[in-house]
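*Asks:* Sharing a structure below in structure tokens format, with a few things to ask.
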Amino acid sequence: MSFNTFGKIFRFTTWGESHGPAIGCVIDGVPPNISINEREIQLDMDRRRPGQSKFTTQRKEADKVIILSGVFEGKTTGTPISILINNEDKRSRDYESIKEKFRPGHADYTYFKKYGIRDYRGGGRQSARETASRVAAGAVAKIILKDLLGKKFKIIGAVTQLGLMSCDLGNWDDKEIRKNPFFCPDKKSVKLWEKYLNSVRKSGSSCGAIIELRASGIPVGLGAPIYSKLDTDIAAAMMSINAVKGVNIGAGMSAAFLSGEENSDEIRKTSGKTKFKTNNAGGILGGISSGQDINVSFSVKPTSSILNKRETIDKKGANTTISVRGRHDPCVGIRAVPIGEAMLSCVLLDHFLMHRAQCGN
């Protein structure tokens, strides 16, 4: 299998399978002399970690990161950082009953047709378990960005829609996101979401979600206007996350419904500072960051592994039915929040380093 590496200057390669002994990543292009430790990385790992509530998979993984290289006496050395994450709660027997069948909505069928082999134990390499390694790489990127950009830099993500249930973005509260199991920014929606997802879970089904990411403190000039647009690479990063089916930058698809006057982000000079009246562009103009907040949203499809019986075929091509048991998220979009933050951090750092390489400081 090729294409396990993401990025240009700041690059990471993930490895491992869902039910193998461990997973991990190797991160290259890290600037030297950046203070970093496992505890800081663990903060983001804990936000993605499974089994923290009844609304996520009950697989119990500590997701404890172990730095094997690239850090000496608390600082990066400029050499590759290798991170190990042990798999501690594997239950491969849960998949024995479906090892000859393809799960609808999963990559089982296409993976088998492409490679001629299938690791049925939780999906193997195609499992969302791989995203733990991305979060580790993203945590490193976030730490470096804070060092390079200062206190103004911040990335925050939230679930803004859970299945049929939306929230009031006017009530967005960064602090509230950390207080509930849904990463919901609107306190008034939490109880409604809890009731809704409980009903989805008890019915043996699942639901999708929309996640919004907001990055502030981003300098002007990141990105290139043709083949390495900042929004191009952000969209690719989000689409690489398991179960993501659509990405918006700023107004995104909704821009098609706006007039030219409504969509244009008018610019003024106020007290010696450049100000934009709106941000329909999501902080990116012509593929280059404008200095505004970068706003990204992406949609996550409903979890494909559900209890309710579905029609499918087996490896011999015979028609059959399948009901997927085991430990699965009723909404995989919930834990996609820290994954989205991680991927956005990696893209922003990569583009910052490319900008500095071409244009200097």
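The values are calculated or read from the model by the stated rules, or taken from the named source; none is laboratory data. Given the structure is predicted, the values throughout are model-derived calculations rather than measurements. Cβ placement follows ideal geometry from the backbone for every residue including glycine, while neighbour counts extend to all protein chains displayed. These area figures cover heavy atoms from the full protein model, side chains too; ligands, DNA and RNA do not enter into them. Shrake-Rupley method; radii C 1.70, N 1.55, O 1.52, S 1.80 Å.
*Asks:* Taking the simple approach of a point 7 Å from Cα along Cα-to-Cβ for both residue 240 and residue 9, what is their distance in nm?
*Replies:* Distance between label points: 1.7 nm.
*Asks:* Also, I was wondering about something else. Given Cα pairs under 8 Å that are at least 6 residues apart, what percent is the relative contact order of region 249-288?
*Replies:* Values: 35 pairs, mean separation 18.0, N = 40.
For region 249-288, the relative contact order is 45 percent.
*Asks:* Right, here's the next one. Calculate how steeply helix 230-239 sits against the longest principal axis of the alpha-carbon atoms of the chain, using the helix alpha-carbon long axis, and give the answer as 0 to 90 degrees to the nearest 10.
*Replies:* 10
*Asks:* For labels at residue 227 and residue 320 in the simple 7 Å Cα→Cβ model, what's the distance in nm?
*Replies:* 4.6
*Asks:* Still on this structure: Rounded to the nearest Å, what's the spacing between the alpha carbon centres of region 156-194 and region 8-26? Just the number, please.
*Replies:* Centre-to-centre (Cα) distance: 31 Å.
*Asks:* Under 20 Å from a point 7 Å along the Cα-to-Cβ line of residue 271: which residues of region 147-165 have their amide N that close?
*Replies:* Residues 151-153 fall inside that zone.
*Asks:* Could you pull out the pairs from 114/229; 202/301; 175/309; 64/179; 64/113; 152/277 whose alpha carbons sit more than 29 Å apart here? Write down the numbers at each step before the final one.
*Replies:* Values: 114/229 31 Å; 202/301 19 Å; 175/309 40 Å; 64/179 22 Å; 64/113 35 Å; 152/277 20 Å.
Those over the limit are 114/229; 175/309; 64/113.
*Asks:* Can you tell me the 0 to 90 degree angle between the C-alpha axis of helix 336-359 and the longest principal axis of the chain, rounded to 10?
*Replies:* The two axes meet at around 40 degrees.
*Asks:* How much length would be gained if the chain were fully extended between residue 68 and residue 115, taking 0.36 nm per residue of separation minus their Cα-Cα distance, in nm to one decimal? Let's see the in-between values first.
*Replies:* Values: separation 47, 0.36 × 47 = 16.92 nm, distance 3.13 nm.
Extra length from residue 68 to residue 115 when fully extended: 13.8 nm.
*Asks:* Listed here are the pairs 142/195; 75/151; 191/245; which of them are more than 31 Å apart at the Cα?
*Replies:* Details: 142/195 34 Å; 75/151 19 Å; 191/245 27 Å.
Those over the limit are 142/195.
*Asks:* Next question. Using 7 Å Cα-to-Cβ label points, what is the residue 257/residue 43 separation (nm, one decimal)?
*Replies:* For residue 257 paired with residue 43, the spin-label model returns 3.8 nm.
*Asks:* Further question on the same structure: Which value, in Å², gives the accessible area per residue of the chain when a 1.4 Å probe is used on the protein heavy atoms?
*Replies:* Numbers: 17610 Å² over 361 residues.
Spelled out: the 1.4 Å probe surface of the chain, per residue, equals 49 Å².
*Asks:* Specify the longest stretch of the chain that does not include any exposed loop site, a site being one of the chymotrypsin sites (Phe, Trp or Tyr not before Pro) with a non-H, G, I, E, B DSSP assignment and at most 11 other Cβ atoms within 10 Å.
*Replies:* Values: sites that count: 3, 227.
Free of exposed loop sites, the longest segment is 4-226.
*Asks:* With a cut-off of at most 16 other beta carbons within 10 Å, and DSSP calling the residue loop, which trypsin sites (Lys or Arg not before Pro) in region 223-282 qualify? Please list them.
*Replies:* Answer by residue number: 277.
*Asks:* How big is D, in µm² s⁻¹, for region 180-254 by Stokes-Einstein at 37 °C and 0.692 mPa s if Rh is the Kirkwood radius over C-alpha pairs? Before the final figure, lay out each step's value.
*Replies:* Numbers: Rh = 15.5 Å.
The estimated diffusion coefficient comes to 212 µm²/s.
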